[in-house]
1. Against the conditions (1) within 16 Å of DNA strand D (Cβ to nearest atom); (2) touching a helix residue (DSSP H, G or I) at 6+ places or on another chain (Cβ under 9 Å), where does residue A:134 fall short? Just the number, please.
2. Every residue in region B:62-80 that is within 11 Å of another protein chain (Cβ to nearest Cβ) and either within 24 Å of residue B:9 (Cα to Cα) or surrounded by 20 or more Cβ atoms within 10 Å (Cβ to Cβ) (or both), please.
3. When you scan region A:121-132, do you find a residue that is away from chain B (no Cβ under 12 Å), buried (at least 19 other Cβ atoms within 10 Å of the Cβ) and under 12 Å from the mean Cα position of the chain (by Cα), even just one?
4. Considering only region B:167-194, how many residues are away from every other protein chain (no Cβ under 14 Å) and either within 14 Å of DNA strand D (Cβ to nearest atom) or at pLDDT 90 or above (or both)?
5. For residue A:77, are the conditions met, namely being part of a loop (DSSP other than H, G, I, E, B) and in contact with a strand residue (DSSP E or B) (Cβ under 7 Å, 6 or more places away or on another chain)?
6. If I filter region A:156-194 down to residues being touching a residue at least 40 places away in the same chain (Cβ under 8 Å), more than 10 Å from DNA strand C (Cβ to nearest atom) and assigned to a loop (DSSP other than H, G, I, E, B), which single residue comes out as surrounded by the most Cβ atoms within 10 Å (Cβ to Cβ)?
7. Working only within region A:141-154, note down all residues that are in contact (Cβ under 8 Å) with a residue 12 or more places away in the chain and more than 7 Å from chain B (Cβ to nearest Cβ).
8. For region A:81-113, which positions are part of a strand (DSSP E or B), within 14 Å of chain B (Cβ to nearest Cβ) and either within 17 Å of residue A:33 (Cβ to Cβ) or touching a helix residue (DSSP H, G or I) at 6+ places or on another chain (Cβ under 7 Å) (or both)?
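The values are calculated or read from the model by the stated rules, or taken from the named source; none is laboratory data. Quick caveat, the model's predicted, so the values are computed rather than measured. Cβ placement follows ideal geometry from the backbone for every residue including glycine, while neighbour counts extend to all protein chains displayed.
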DNA sequence: AAATCGGCTTGATTTAGATCAAGCAGAAGT
DNA sequence: ACTTCTGCTTGATCTAAATCAAGCCGATTT
């Protein structure tokens with residue numbers, strides 16, 4: 001599990017982390033396994049962990065007052081899952097984070113992360129890179145949700161996250177795009193006929 | 001203009017920046033004035049600057065293939081405007097950034113920002129804080145655009161950005177929410193009657 | 001003061017996508 | 001092998017919001 005993290009770190013930072021520096025990561029993160037349908041975080045609770053997905057897939061979602069689920073994001077291997085707002089400010093989270101498959105995670109508390117930032121310049125750099133990227137991605141997604149038609153949204157998903165298409169149920173993909181499962185099904189059919 | 005930046009820095013970082021450290025900011029940022037309707041960035045161009053708004057208001061928007069404008073974000077005093085993706089990767093931007101009022105800006109090129117990060121720990125910290133906050137805010141906005149009705153969107157705007165309501169034309173507020181101006185007008189009327 | 005213009009509202013109509021409802025096929029459990 | 005789920009599709013209907021269209025009002029121009 002730690003080896004996956006190490007490979008990932010080397011890849012993303014285009015560096016080769018020393019044993020010494022990686023030792024800090026080992027101290028910060030502990031291994032955690034979740035079976036399918038288990039939760040890393042429940043709505044109303046305070047998010048305690050930042051989790052690195054070594055294996056498996058997860059979703060982060062809200063439930064609205066009509067009881068409808070809305071998927072904020074998916075996570076798969078080499079992605080990070082957490083509610084940063086809750087983790088940082090210790091406020092109750094609006095989100096649920098659920099394992100969609102059996103998962104191998106590496107989790108760290110906020111205290112450990114603060115410590116790690118002091119110990120590892122690479123981790124600070126990684127944090128910057130990730131924050132930038134996720135900010136850019138979410139801007140793009142706002143664009144999509146505001147201005148795209150159902151068909152354009154589906155095309156966006158196929159082009160930007162093809163790996164999601166066959167891994168997650170259509171009903172969840174629909175929710176991720178802000179569509180109903182019926183509409184997604186119809187749009188897919190139309191697109192295939194073209 | 002620099003005094004506004006200094007006040008802002010002290011406020012956001014809850015520190016009191018030294019003259020010495022602030023000197024690096026002065027070297028990195030240069031003053032730039034934009035009149036209403038002038039542009040900081042045009043679609044297709046590479047974004048050269050990160051801009052701090054000392055005075056005025058701006059909008060960042062895209063134009064879709066039907067020629068319709070979609071507002072990605074507004075910026076007012078003490079906000080930052082830029083297309084980070086374009087600035088960092090030197091790729092052409094999808095965005096236009098326009099002054100909605102006469103603006104006083106402090107702008108820095110990416111090179112200056114990199115230098116500043118080496119010189120000022122406070123700036124690094126500021127960057128982290130901002131990235132976190134804007135990521136959290138854009139997650140919230142995705143929630144809103146995916147799952148809210150027109151009425152709920154308008155309430156969201158009134159609660160989260162009341163300062164926008166009387167400062168920007170309704171047509172732009174509508175675009176920001178992913179609504180038409182007509183719908184926004186009707187929803188406002190309904191809400192006032194309650 | 002008349003004319004032009006931009007921003008907002010209001011009404012009539014249309015439509016994309018939601019909702020409601022039924023049926024089907026593959027996976028999982030007994 | 002036969003239920004029981006669960007997820008997906010398809011059809012019929014409905015509705016929220018878009019579109020189309022006209023008119024209003026205050027600001028700016030001539």
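1. (1)
2. If the condition is that a residue be within 11 Å of another protein chain (Cβ to nearest Cβ) and either within 24 Å of residue B:9 (Cα to Cα) or surrounded by 20 or more Cβ atoms within 10 Å (Cβ to Cβ) (or both), then B:71, B:72, B:73 are the ones that fit.
3. no
4. 14
5. Yes; evaluated as a whole, the condition is true for this residue.
6. A:168
7. If the condition is that a residue be in contact (Cβ under 8 Å) with a residue 12 or more places away in the chain and more than 7 Å from chain B (Cβ to nearest Cβ), then A:144, A:150, A:151, A:153, A:154 are the ones that fit.
8. A:81, A:97
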